[in-house]
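In what follows, a structure is listed as structure tokens, so that the remarks can point back to it.
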Amino acid sequence: MGYLKCNKCGKRYQPQKGESLDDLNVCHCGGEIGYYLSSYDLKRRQDYIPADEGIKKEKTSDRTWLLILSIVAVLILMALPALLIYRAYFSG
């Protein structure tokens, strides 16, 4: 007998005797219920499938660092000519 788990909230269901799998296709939270052959299969799949939130945070973090580095590079490139002009003007 297999196991059922909501893909949205994570609640697990185990069908009772005489209960059809078609009766349990939507969770109380509105999420879709997935079917797993065993509790081991359920746990094993969770180990290998990363959470979407972790992926989004990682991408956001990379973008943030790229933005910061870009801003610093632009400021340095703008500051060098200004310093050279300042030095030439006052060395006079």
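FYI, it's all coordinate maths here, none of it is from the lab. The model shown is predicted, which means the values in this text are computed figures rather than measured ones.
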| query | Can you list the residues, at least 5 places off or on another chain, whose amide H is less than 5 Å from the amide H of Lys11, using H built in the peptide plane? | reply | Cys6
| request: Would you pull out the residues with amide H under 5 Å of Tyr3's amide H, same chain only if 5 or more places away, H placed 1.01 Å from N? | output: Tyr36, Leu37, Ser38
